[in-house]
1. Please work out how much length the chain gains when fully extended from Tyr85 to Asn137, using 0.36 nm per residue of separation minus the C-alpha to C-alpha distance, in nm with one decimal.
2. Taking the Cβ-Cβ separation of Asp146 and Asp166 as r and a Förster radius of 41 Å, what is the calculated FRET efficiency to the nearest 0.05?
3. Compare the peptides 138-145, 103-110 by average per-residue count of other Cβ atoms within 10 angstrom and give them in order, highest first.
4. Please list, ordered by chain and number, the residues whose modelled amide H lies under 5 Å from the amide H of Leu89; skip anything fewer than 5 residues away on the same chain.
5. How far apart, in nanometres, would the label points at Ser97 and Gln119 be if each is projected 7 angstrom from Cα along the Cα-to-Cβ direction?
6. PRE reach from Asp155 (point 7 Å along Cα→Cβ): which of the range 117-149 fall under 12 Å by backbone N?
7. Under the Karplus relation 6.51 cos²θ - 1.76 cosθ + 1.60, θ = phi - 60°, what is the ordered set of whole-Hz ³J(HN,Hα) values for the range 107-123, x standing for Gly and Pro?
8. One quarter of the convex hull surface, Cα atoms only: what value does that give for the range 22-168 in nm²?
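Read the figures in this text as sums done on the coordinates, not as results from a lab. If you're wondering where the values come from, they're calculated on a predicted model, not measured in any experiment. Neighbour counts are summed over all protein chains in view; Cβ atoms, including those assigned to glycine, are modelled from backbone coordinates with ideal geometry.
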Amino acid sequence: MSSFSQNQVYKTPRATMDGVNSRRDITVVSRSRDLSQEMVKKLIHQSQEVKTQSYCPYSKFRVGAAVMTLDNCVFTGCNVENACYTLGLCAERNAISKAVSEGYRSFKAIAIASDLCDQFISPCGGCRQFMREFGSNWDVYLSKPDGSYQKRTVDELLPLSFGPEDLSMNKVFS
Ligand code: THU
């Protein structure tokens, strides 16, 4: 598993192509929801690395995200903007969509990185709802370029949320 710690698998197209990190190679050491300090640092670093791939010719605002699944696979994503502005994709949604596309729907944490020096990057409302689709009780690491961070749960970022369960609650019309 090369330079990655034994309980973290970093999924990239390159890693998949050379077979090193194919799904059957995943070593599940701990499914604990709590990340060690080392894992947090690494996840933030991964979000900073993918930030460099950001395609943001319009906003010039680079964002990277790294989401960790329950079995410690990591998927990364950057923001991808478009000349038709409304089609732009946020980094968090990109990372989560990559994970879901590979069959992962249970997450323990997501780290977000931007170039803001004096603020911890905070996810937009749409991304908070996108995270919430996959549960309220998982962690979001809001980081600064120096690696410092704040931890929030999805529930803290989106209280009183609407989620998939609400669709099957009692209704006056069905
Ligand atoms: N952006 C993200 O990728 N994630 C967020 O949570 C906040 C905003 C992107 C969208 C757009 O490409 C740029 O940052 C400026 O809004």
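1. Value of the extension gain: 15.5 nm.
2. 0.55
3. Per-residue mean Cβ counts within 10 Å order the peptides as 138-145, 103-110.
4. Val80, Glu81
5. Result: 2.4 nm between the two label points.
6. 135-139
7. Rounded to whole hertz, the list is 10, 10, 6, 9, 10, 10, 10, 9, 9, 5, 7, 9, 9, 7, 5, 10, x.
8. Mean projected area of the Cα convex hull: 9.6 nm².
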